[in-house]
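The values are calculated or read from the model by the stated rules, or taken from the named source; none is laboratory data. No experiment lies behind these values; they were computed from the predicted model shown. Glycine also receives a Cβ, built like all others from the backbone with ideal geometry; neighbour counts cover every protein chain displayed. Areas reflect the complete protein model, heavy atoms only, side chains present, ligands, DNA and RNA absent. Shrake-Rupley method; radii C 1.70, N 1.55, O 1.52, S 1.80 Å.
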Amino acid sequence: MNYTPRSGLNIPAITVTGEDGKVIEDEQRRVFRHIVQQGYGADVIFGVGTTGEWNRLQNTERQRVIEIEIDEVRRINEELKALDRPQVEAWVGVNGSTKAEILANLDLAIQLGANAAVIAPLAITDLDEAETVRFFQHDLTNLIEESRRELPVLLYDNADIAASGREAHIRTRTVKQLSRLEWIAGIKVSAPRRVLGNYTKAALHFRKPGEFGIYIGDAMLIFELFRPSRSLLGRLREGWRDYLLYDALPIGVVSGPANVLPREWQKSWRSCWAGDEESMDRWQTVCRQFEAICGFDEGGRTVRKSIACLKYALELDGVITSSAVVRGTRSLDQVQKNKFAADYRRLRELIARDSHAIWRTRCL
């Protein structure tokens, strides 16, 4: 399979639904356009991921998002080509709670022409660890090989969506075995750097550097991982980092908050990749502040309501009119909405004051 994993900013798009849990197509399309920002936002759009509440949507609605995303990205790329801007890729989560749903969704992604698909093995309820490799080697391989076109697939490692009784992370030996499949192109990981390094080591047994992409799911980690070191202690830490990662740095970041701040997160990624400490510090402050305002005190403990905040921020910005979350996702009460709106307004003022206009998200 002749595919090079796309580097850069990977934005897991929210799913716009009504109170009934049904996808609102025109608003979903606006979200995809918003996060691309005419070529200054996402490098990759990842639809039907955890930020998109895939595990709470009916499978028919997941498939609707897949169809909408692939079609809308095709239209966006035609416009980007006319603007002489880099095109974006459409990655679709073909996740499901059963093997049958995975196969059906992957087949749809292949037929519609997605750039890549993403699968979370640990979220499949009727698949135990012992069967995982066989399911990929046989069922999924047969589907891909029998299709009219091959489709690269990335693994998705996220402890938050692991099925009951499963390990928090995919075992390293499983990643090692799956990386032997030609159509497995990389892995998206929400985990500490040690786990990232284990996966890098596993993949390098069978792939050359650059053939298997590692993407950071814990987005704030990029500000630590890519920070250059000048002191002796710092250089020791950097050496330890490179040792843990086997001298193969991740090639992209997966940022949920980039739904709201796509230009700001694109600049954050560029600053980190370039090792520009001054710029890194500035954007780290912005990203930390957004993360902070998504937490609320409830009974003496901080409860994070990231998805609800992303949707409400997009409603405040006029991108969407429905900020409803799917049943099972933590929602905001009116007091929390009022607090978030005030905090978000102050964050926007900070960005306007301290950043170049090209890296301020525009509500198109």
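Name the single residue that is most open to solvent (accessible area, probe 1.4 Å) among those in the stretch 124-154 being over 25 Å from E89 (Cβ atoms) and in a loop (DSSP other than H, G, I, E, B).
T125
Take the stretch 264-279 and flag every residue that is closer than 15 Å to M220 by Cα, modelled with pLDDT under 95 and open to solvent by 60 Å² or more (accessible area, probe 1.4 Å).
W273
Hey, among the residues in the stretch 298-341 that are among the hydroxyl-bearing types (S, T, Y) and either in contact with a Cys (Cβ under 6 Å, 6 or more places away or on another chain) or touching a residue at least 12 places away in the same chain (Cβ under 8 Å) (or both), which one's most open to solvent (accessible area, probe 1.4 Å)?
Among those residues, the one meeting the criterion is T321.
In this structure, does E78 turn out to be in contact with a helix residue (DSSP H, G or I) (Cβ under 9 Å, 6 or more places away or on another chain), part of a helix (DSSP H, G or I) and either farther than 18 Å from P152 by Cα or open to solvent by 10 Å² or more (accessible area, probe 1.4 Å) (or both)?
Values: in contact with a helix residue (DSSP H, G or I) (Cβ under 9 Å, 6 or more places away or on another chain): no; part of a helix (DSSP H, G or I): yes; either farther than 18 Å from P152 by Cα or open to solvent by 10 Å² or more (accessible area, probe 1.4 Å) (or both): yes.
Criteria not met by E78.
What residue, among those in the stretch 81-101 that are over 22 Å from the mean Cα position of the chain (by Cα) and without any contact (Cβ under 8 Å) to a residue 40 or more places away in the chain, is most open to solvent (accessible area, probe 1.4 Å)?
K81
Just a yes or no: is a residue in the stretch 39-54 touching a residue at least 60 places away in the same chain (Cβ under 8 Å), more than 21 Å from I216 (Cβ to Cβ) and either among the basic types (K, R) or open to solvent by 10 Å² or more (accessible area, probe 1.4 Å) (or both)?
Within the stretch 39-54, not a single residue is touching a residue at least 60 places away in the same chain (Cβ under 8 Å), more than 21 Å from I216 (Cβ to Cβ) and either among the basic types (K, R) or open to solvent by 10 Å² or more (accessible area, probe 1.4 Å) (or both).
Based on what the data block shows, is F32 assigned to a strand (DSSP E or B), of a type outside the set (K, R), open to solvent by less than 10 Å² (accessible area, probe 1.4 Å) and within 22 Å of S255 (Cα to Cα)?
Judged against the criteria, F32 is not a match.
Would you mind telling me which numbered condition in (1) in contact (Cβ under 8 Å) with a residue 60 or more places away in the chain; (2) surrounded by fewer than 21 Cβ atoms within 10 Å (Cβ to Cβ) D157 fails?
Only one criterion is unmet by D157, namely (2).
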